[in-house]
Amino acid sequence: MKTLLITGASTGFGRSLAKEALQRGHQVALAVRNLESVADLVSQYPEKAFGIRFDLTKSEDALHAIDAIVEKYGRIDVLINNAGYGLLASVEETTDAQLQRNLETNFTGPLRLIRAALPAMREQKAGLIINLSAIAAYANHAGFAVYGGAKAALDAACDAAAQDVASYGIKFTSIVPGPFRTDFIGRSLEHSPRMPAYEATVGKFGAFLEKMKGRQPGDPKRAAKVIIDLLDAEKPPFRLLLGGYAHTMFAKKLASQEAEMNAWREIGLKTDFPQGE
């Protein structure tokens with residue numbers, strides 16, 4: 001049995017993860033904005049689940065959430081940074097308020113929560129931090145500049161953080177899903193007013209998302225089982241892609257990056273000092 005803190009546990013991936021973990025007998029702190037949204041899980045698993053009122057955009061909530069789970073269960077074994085939302089907008093269409101809110105939710109807030117969890121995990125000399133990322137962090141689309149950028153920033157930060165704390169037995173895994181049948185395209189996707197200049201790019205991608213709504217190939221319940229299985233893995237992956245779409249897009253991006261690197265290799269290598277100087 002492990003103790004988990006899951007953010008955004010009221011809907012989508014978060015709720016599927018919470019239910020899967022509780023069904024397996026784990027202890028789960030459900031960090032949500034509205035405690036009523038997880039009241040049924042707390043009632044169903046009174047000894048294993050409890051809710052924490054939590055807002056990713058409030059810096060003080062990170063320490064409060066970690067203190068609450070450690071006080072109740074004596075430790076925190078797993079942090080799952082699941083809460084987040086998308087923004088469909090070109091860079092030019094994005095307001096300062098939208099930029100700040102999206103970065104707070106998808107990058108700054110999760111990083112603050114990781115920072116708050118590390119002291120307890122270091123003392124235990126064990127811990128697993130799982131971040132729900134997105135294929136947009138690696139192979140992006142028009143209109144997802146801010147959302148994909150925020151997810152990519154968290155991945156890069158955790159690449160370094162994993163090296164910071166590896167000697168303390170703390171591991172990181174970034175979950176990279178493609179389109180899954182959650183409410184991301186609906187309730188969890190903010191839109192900016194569309195400028196005519198971006199109808200052929202951002203507008204086209206938005207239409208693609210609308211057409212996909214309700215027919216996404218990914219199953220959140222199957223994903224939850226795979227993710228909770230990681231709790232028992234001796235060497236969990238730093239990055240785990242979920243679904244055929246994510247694997248296809250990631251492979252295409254790797255191939256195109258390798259081709260571009262090789263095409264420009266000789267130009268790039270000329271910038272070193274000659275050997276012996």
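Here are the numbers:
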read-out: Residue match in the stretch 214-230 (condition: closer than 30 Å to residue 95 by Cβ, surrounded by fewer than 18 Cβ atoms within 10 Å (Cβ to Cβ) and touching a Lys or Arg at 6+ places or on another chain (Cβ under 9 Å)); value: yes
read-out: Hits in the stretch 112-137 (condition: in a helix (DSSP H, G or I) and surrounded by fewer than 18 Cβ atoms within 10 Å (Cβ to Cβ)); value: 115, 119, 122, 123, 124
read-out: Residue 140, sole failed condition from (1) of a type outside the set (Gly, Ala, Ser); (2) assigned to a loop (DSSP other than H, G, I, E, B); (3) within 26 Å of residue 167 (Cβ to Cβ); value: (3)
read-out: So residue 20, is it among the charged types (D, E, K, R) and free of Cβ contacts under 8 Å to residues at least 60 places away in the same chain; value: no
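Listed here are the residues, each with its yes/no results for (1) out of contact with any helix residue (DSSP H, G or I) (no Cβ under 6 Å at 6 or more places or on another chain); (2) modelled with pLDDT under 95.
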| position | (1), (2) |
| --- | --- |
| 12 | yes, yes |
| 30 | no, no |
| 45 | no, no |
| 52 | no, no |
| 58 | yes, yes |
| 65 | yes, no |
| 90 | no, no |
| 97 | yes, no |
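The values are calculated or read from the model by the stated rules, or taken from the named source; none is laboratory data. Here the structure is a predicted model, which is why all the values come from computation and not from measurement. For neighbour counting, all protein chains shown are included, and Cβ atoms are generated from backbone atoms with ideal geometry for every residue, glycine included.
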